[in-house]
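Since the structure comes first, as structure tokens, the remarks are kept for the end.
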Amino acid sequence: MPRRNAIDVVSYAWEHMAAILFRPMRWSIWWRVAVLGFLTGEMHSSGGINFQGIPQFPQEHQHKLLAQMPGVAIIALIAALVAAGLVLVVVFAYVGSVCRFILFDAVLTRRFAIREGWRKWQPQGLRLFGFNLLMLLATMMVLAVLAIPALLFFFKYKEQVRGHLMLAIAGGALLFTVAIAIGLVLSLVYTLVKDFVVPQMALENLTLGEGWRRLWTWMKAEKGQYAGYIGMKIVLSLAAAVAIGIAFVILLLVLLIPTAIVAIVIASLAKGHALAVGLIALIVVLGIFVAALLICVIALLTAPIAVFFPAYSMHFFADRYPPLAALLYPQPPPPPTPLPAPEPPVGPDLAPAV
């Protein structure tokens, strides 16, 4: 039987997703998929929350607040925020690494048990977590190597840069192109790992290095098929990003109007300096609430995407990885052996007449 290509398996992945989420529709499945899609990054979104339209407090109040804070307190606050951000990134990376295996197992078996999966997949998740940290470190190093020299050069020779504006723009464009190219390479490696190495780690308990070496051998044997897979996944990702972007804009408009009204009311109450700090905190809390609500709604809307893309990679890889095919397409049980037909009874009453 010939192996299916990247286009052939689209319909299989769609059917797989529909069977999980829509036949029947169950809230218990949707919210679990939403959580896993958010934690693993399978939910694709575009744009960001923009609160520039919300009225701000007068600049003089902001300057007074900053002026009253001692320099040591400002430095300590910045250091605390940076440290908290790094801790949050590391924790999120670890949780996402374990949830990657939970999502794989759930889409494969169609059983979404997050707590049970967390206990089951922590060893494999820890291995993937190390890889994710290396990818994060590589990304930060690339940004530092490209951005820091460029910024230092600009601030040191800013007068000369202004005199050669077109040359500076060309240099910036070249630097941006290099950064994009390196980012695409890192993204490609990460995609191959999560789509084709994670199944090997899950089903055979391989290390990430062992799974990558096997995958590299298979890719060299089928360069065209894997290249077609990457190209098709880019097309599908762009289509998903457009759909989610439209939904995000609609949700943003729906939520932004009442949020702006509330913010205007709060800002109008800030008549004195004594109320400024408390009202700023209230607006921040309001913004956090709106952002959290947007994330929850988007995660629910993108639940089909969070199932479709793992199913898509599974159906493509199953033809090339027998352990996955054995679980994805279980063989039907053999039909029961028919019992022998009973012989007709023979008795004196049934004896043939002479």
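In table form, for the structure just shown:
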quantity: Number of positions in the range 1-32 that are within 19 Å of Asp195 (Cα to Cα), out of contact with any His (no Cβ under 6 Å at 6 or more places or on another chain) and of a type in the set (Val, Ile, Thr); calculated: 2
quantity: Criterion violated by Ile182 - all others in (1) part of a helix (DSSP H, G or I); (2) within 20 Å of Leu133 (Cα to Cα); (3) over 22 Å from the mean Cα position of the chain (by Cα) satisfied; calculated: (3)
quantity: Enumeration of residues in the range 201-252 that are closer than 30 Å to Ala291 by Cα, loosely packed, with under 14 Cβ neighbours inside 10 Å and among the β-branched types (Val, Ile, Thr); calculated: Ile234, Val235, Val242, Ile246, Val249, Ile250
quantity: Residue check, Phe196 out of contact with any Ser or Thr (no Cβ under 9 Å at 6 or more places or on another chain) and more than 17 Å from Leu134 (Cβ to Cβ); calculated: no
quantity: From the options Val161, Val142, residue that is under 31 Å from the mean Cα position of the chain (by Cα) and modelled with pLDDT under 85; calculated: Val142
quantity: Flag if Gly171 is at pLDDT 70 or above, over 27 Å from the mean Cα position of the chain (by Cα) and more than 24 Å from Ala93 (Cα to Cα); calculated: yes
quantity: Residue among Ala106, Ala113, Ala144 that is in contact with a Lys or Arg (Cβ under 9 Å, 6 or more places away or on another chain) and without any contact (Cβ under 8 Å) to a residue 12 or more places away in the chain; calculated: Ala113
quantity: Qualifying residue in the range 114-134 (condition: acidic (Asp, Glu), modelled with pLDDT under 85 and either out of contact with any helix residue (DSSP H, G or I) (no Cβ under 6 Å at 6 or more places or on another chain) or not in a helix (DSSP H, G or I) (or both)); calculated: no
quantity: Evaluation of Arg111 against (1) at pLDDT 80 or above; (2) part of a helix (DSSP H, G or I) (one fails), failing number; calculated: (2)
quantity: Condition check for Leu86: touching an Asp or Glu at 6+ places or on another chain (Cβ under 8 Å), among the hydrophobic types (A, V, I, L, M, F, W, C) and at pLDDT 75 or above; calculated: no
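Results for (1) over 19 Å from Val193 (Cα atoms); (2) free of Cβ contacts under 8 Å to residues at least 60 places away in the same chain; (3) out of contact with any helix residue (DSSP H, G or I) (no Cβ under 8 Å at 6 or more places or on another chain), shown as yes or no for each residue.
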{"position": "Ala227", "(1), (2), (3)": "no, yes, yes"}
{"position": "Lys233", "(1), (2), (3)": "no, no, no"}
{"position": "Leu238", "(1), (2), (3)": "yes, yes, yes"}
{"position": "Ala243", "(1), (2), (3)": "yes, yes, yes"}
{"position": "Ile261", "(1), (2), (3)": "yes, yes, yes"}
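The values are calculated or read from the model by the stated rules, or taken from the named source; none is laboratory data. Note that the coordinates shown come from a computational prediction; the quantities given were computed from them, not determined experimentally. Positions of Cβ are generated from backbone atoms using ideal geometry, with glycine treated the same way; all protein chains shown enter the neighbour counts.
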